[in-house]
Every structure is written in C-alpha cells, then in structure tokens.
1. Holding the Cα-Cα limit at 21 Å, pick out from A:Lys54/B:Lys212; B:Lys46/B:Lys212; A:Lys161/B:Lys280; B:Lys228/B:Lys280; A:Lys141/B:Lys129; B:Lys226/B:Lys325 the pairs that are longer than that.
2. In terms of the Cα gyration tensor, with a ≥ b ≥ c the square roots of its eigenvalues, is segment B:118-271 rounded because a/c is under 1.5, prolate because a/b exceeds b/c, or oblate?
3. In terms of Cα to Cα distance under 29 Å, which lysines are near enough to B:Lys264, apart from those fewer than 8 places away along the same chain?
4. For segment A:66-161, build the charge dipole from Cβ charges (+1 Lys, Arg; -1 Asp, Glu) around the Cα centre, then report which of A:Ser137, A:Gln115, A:Gly93 sits farthest towards its positive end.
5. Rounded to the nearest 20 debye, what is the charge dipole size of the protein assembly as shown about its Cα centre when +1 sits on each Lys and Arg Cβ and -1 on each Asp and Glu Cβ?
6. Within segment B:320-351, list the residues whose amide N lies under 12 Å from a label point set 7 Å along Cα→Cβ of B:Leu296.
7. Give the percent of DSSP beta bridges with both residues in chain B that are antiparallel, rounded to the nearest 5.
8. What does a probe at B:Lys98 reach in segment B:151-168, counting residues whose amide N is under 18 Å from the point 7 Å along Cα→Cβ?
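Taken together, the values in this text are just the output of simple stated rules run on the coordinates, not laboratory data. On a predicted model such as this, the values are computed, not experimentally measured, just so you know. As a convention, Cβ positions derive from the backbone with ideal geometry for all residues, glycine included, and neighbour counts pool all protein chains shown.
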Amino acid sequence: MAAPRDNFGRPIVVVTGMGIVTSLGTGKADNWTRLTAGESGIRTITRFPTDSLKTTMAGTVDFAPVEPFSSTGLSERLGEMATEEALAQSGIGSKGDFPGPLFLAVAPVEVEWPQRMELGRAVGQPDIDYNDLLRISGGGKYASFHDRFMFGSVAAHLAEKFGTKGSPISLSTACASGATAIQLGVEAIRRGETDAALCVATDGTVNPETLVRFSLLSALSTQNEPPRPRRSRFPRIAMVSSSPKAPARWCSKVSKPRPPAARRSLACWPAAAN
Amino acid sequence: MTETTSATSGPTDVWITGIGLATSLGEGLDANWDALNQGRINVDEKSFAPYMVHPWCHVSLDTQIPKKGDQRQMEAWQRIGTYAAGLALDSAGVKGNKDILGRMDMVIAAGGGERDLAVDCGILSAQAKGNSAPAFLNERLMSDLRPTLFLAQLSNLLAGNIAIVHGVCGTSRTFMGEEVAGVDAARNAASRIAAGQSDIALIGGSHNGERKDLLVLYEFGDFNLKDKFAPVWARKEHAGFALGSAGAFIVIESKQHALARGAKPFARLSNVVADLSPRKQPGQVTATLDKLWSQLGPLEGGGAIITGASGAEPVTSEERAFLQKHGDFAIRATGTRFGHTMETQFPLGLGLAALSLSRGALFPPGDSSGAEIEMQRSPSQIVVVGAGHWRGEGMALVEAVK
C-alpha cells in the first residue's frame, strides 16, 4: 500500500513513540503528572561542590547511576532510557534492530575534570604542564578516556545498542539541536531514504566547568533560593541557557497508515523543526 | 523550511561549484595544487616532539575576516574555518551575494575548540601541591577562564562565525563525530539538494592540529605518530597519524541552480555513502568499505581514489586490504600530504577530487612504496574514501562534468 501523502506529495510523517527523562522523572506518565501538578525539576545541585559558584541549582537528573561518571556517560545513559521508552511505545522493529537511522542531538564532548585530575595525579610532580600529561597518556592505561571523549561516542553506542542503520549523525545546533534531530528524521523520510528514524536529544552536562562557562556569559539565573518554586503559575526558573537534562525522543514511520488523530498531531512538526 | 520553496523538484545533479582550501600547504587552489605537484610536505617535527603536526599556513586573515573584533573572538580552528569558507564562497562566485547567501544552507563538520592550557595546568599543579578544598576547582575556573573562551570552544560556533562574517543564512547544521562527521555533512547536504529540499549549500570543516590538548586525547588511544615522519602507507610498524591543520569547504548546488546563475562546475558530486562498521572482528572495516564501494554507482576501471587514510591501526591495514582489490586505481592518501585533519579530512578529499577533475589531472603520488601509482590519463571519476581512526566509514563519487 502506498504511504499517505501530504499536499506537497511527500510522505506524511507521524510520531509513533516518545520517551522522556528529565529532572522531573522518568517517562511520559511521571513527567506529565508532575508537570501538571506544577512541580519543577530545578533543584540545588548535589552532584559536586557548588562553593563559589553563582548558580547552584539546575535541572539535574541524579537518579540514573553512571559508573565511571562523566557528563558524556550520563548523556548516553539518559539517551538510552528515553529511547527504550519510545521504542516500547512504538513497537517498531525488534530488540536491537531498529529499521532506520539515528539522529542524535548531543552536547559537545571533551575530556572532563575528574579524568584530567586523575592524569594530573598520575604525573606525580608539583608543577604540571601538558608535556607531562602527554608523557603519561599513552600505553593503553587511559584508552577508555579516548573512547569516552570522542564526539561520536554516544551515537556509536546508541546505534549499536538499538541496532539503527547506517551512519548515526551527532549534531549540535545549540538550543535548536533537538529540533534539528527531528528535522533530519523528517527530511530523510520525505526523501524516501527510510521508513523510520530514531531522533534523540540528550544532555547531561551539568558539571562545574559548564556552569562556570555559562555563568561567565551571564547566561544563568542566580535565583538559587528557592530552587524549586512549587505550584507557581509562572515559575521564575530562567534556566533557559543552563544545561537542562531533557532528552526527548521521537520515532517516526510511514510504513502503516495512521489513524486521523495521529496524522493531525503532525501539525506541530513543521513548527518544531524550524 | 527551504524544502517547500525549492526551485527544483525531483532528483537533480549536484554540482561542486566552489572550493576553499587553506591548509598546511598554503591557501587557495593554486598554492595547494602547486605544492601537491612539487611533492611538498609541511610538517613540524620539533615543536611538539616526539610528536609532529602539520602547521597551518600563514595568511593575512583580513582578506576573509575583515573585522579584527571577529578575529579576536575566535580561536584558531574557527579562524581557519571561517577563512576557508570565505575562499569557497569566492570560488563559487557568491561572496557578498545576499540573495543567494541568505538562503544558502550550511552543514559543518566540527570538533571542539582549544582549551586554555595555562588554566588547566595551573589547576593541576595546584592540586598536585595539595590544594583539594571542595571549592578549589570552582574558584579557579571562575577566576581564570576567559568569558569568551566558551564561544571558541562550542562546536556549532564555527557555523555561527561563518554566518556572521560571510552572511550564510539558510539552515545551519553542525555535525560532530570525528572523521565521519565530514562524510555525513556532505551526504546530508547533497541528498537534500538531490531531492529538491535545498538549492545550494556550503559544507566543510576546519581543524587546528597544533594543540597539545588534542595530542593528549589521541595519545590515550596511542594514535599519535611519533619520532619520525613517514608516508601513511609506510607506518604499519610505527602506526599513527600526525595531526594536520586545514580548513576545507565546498559549495554544492543543483545543476539547475548553477546554470541559472551562470556558474561553472568543478565537478559533479554523484553520490555520498556512509556506514558504521561494528569493528569487533578483524575484516569488518574491509567488509564495510567493500559494501560502500558497491553502493557508489557505476565505476569505470582505472580511476582514482583519494583517501583520508590516517596511518592509525588497525584501520589503515583494513582499508589497505580493500584498496588492494582495486589495484588499477591510482590512490592518493591526503594524510601523507596534509596530516590528519579529523572532521576536515573528507571535505578536503572532496575539494581535491573536484580540483583534480577540473584540472584534468590527478596530482602525483606521495609515496614511493608502490601503494600510489602514477596516473597518466585525465581522471573522469574520483572516489573519495574516509575511514575514521576509531569509528565511521564513508565514500563519495566525484565525476567530471562533460
């Protein structure tokens, strides 16, 4: 059966599964319940010492253990959790075999302070420069750092775990990254390259240096008390430029005709993708 | 969205109409072409010894980035990229053309920016001297980091700088993920144009190899070439890559769009394909490259291959096994001549392929081991190959426009 088409003759793209992990909780049901109850996920940061920081609250997810911890590792874990929920709802493909490509919005990656400090300790002398770090970095002892801090590492892991097809794309368009991931999926389906796409956005980068960098750009709210304004109609959270840990993901397919309600839900897609 | 207003509909040829190269061998097409033909290699074996890097050429930035304020707020990788992007726009004849630039799409392949090495080392030294108070790291970062450094570190801000300096203002996308990000940037932009979702796009990347923080990152995996320079194909017993510095951009557009504005093509970008080999068993990268080769489209024998092979192992040997099945093709490894420029290596290969096709000749071998043979005739097809040092494989078919 031919896939349904829109007024431009393009395949209609529908959302068949969604998953979400945020500072409010895991899953659509939990997030919806808390959101409609007026709860905020913004909380005082406990993940690391916040002494001397101007901003001490964020929408952190601290209920998803990652070992050894890194922001990139947490981003990967949150992406996994959200994807699992979306795939369960969609029922598409089978375990470890998603019939389409992965488009992943992910924060830029770099070596983080716990790992850099581990290296510094291993140098074992009071004055350290990068030549000292270079001298001890090879030989395989820190091979896991290379793999973890490759920009493509989160996408490679998700692609392998969920069995997406082809080369996974890791992208950043700053705060538009999630929309771009969806846009890439929609475009690929409309081109007829695929019947389904896995569009994921994940960000677990609340760490000291990220907070400091955004603070230095005066981009963060410093209204630290109270960090969680319950039931406020317009909570003055102002965390728009902090590092929200809000992976949401969509999976779309056109292989089956959808009920009218599902088709109508697409009306929001072009807006989301602009 | 641009796709609904595109002037084209249905599959269309994708032409490469602009090339911008600013590399360790020089800036501009003639300088790079001449250096390749003279067999010149610009490698610095002293400044980072025992490691070596291919340093960027010295240019007057003002010609492409006229405002000093813009130059100041970029770090080296962004200046390199913004400069090379400007060269590509000049080459395509669209520089300053607000109508076209205002709807030109952009797909950039980027890593991250330089760290402030002095800040890092200051903190590590203080830690080594026993300062481990909980607030210590926070205090040092708050007082030592330059506020603008973040703007130079974020991957997507190369695209931001290109938009600001050159006015490229269609959709903007930044792909990350080392070498294959450069493949996917080309793949995405070309497939959008071929499908009528876009008319014209700027694609490419930039890389500054003169960075100790990057040497540390790749040293974790023992990927750096040490002690002595050798061509890529002669590194098997002494594996590794020498980081390179380059900005490489191309302008691609639909044939109809190019014809309508009277633009001449360097070449046709006929296909771009990519995959993610599991790399768990020996031979899997070779198998992936075999598969990608079969997807490129009709290939004539006796053509040319420009590869981003890095010298890292085991992937270079795996790629060699694939290449040996195509012994009638003249192979050129850009890693020997330019170093390994990571996200930029594939766009660099595309630019060099288009340049070679437009000049009716392939540049000479860069290796005397027999891996790279002379090519006497004028190439009509060049396959660009990229296999990442750790993950990701891709290929493109670039053809002469007759």
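1. Pairs exceeding 21 Å: A:Lys54/B:Lys212; B:Lys228/B:Lys280; A:Lys141/B:Lys129; B:Lys226/B:Lys325.
2. It is oblate, given that a/c is not under 1.5 and a/b is not larger than b/c.
3. Candidates past the 8-residue exclusion: B:Lys95, B:Lys98, B:Lys255, B:Lys402.
4. So the residue furthest toward the plus end is A:Ser137.
5. Charge dipole, the protein assembly as shown, about its Cα centre: 1900 debye, nearest 20.
6. Residues passing the 12 Å test: B:323-332.
7. Of the beta bridges lying entirely in chain B, close to 65 percent run antiparallel.
8. Under cut-off, by backbone N: B:163-168.
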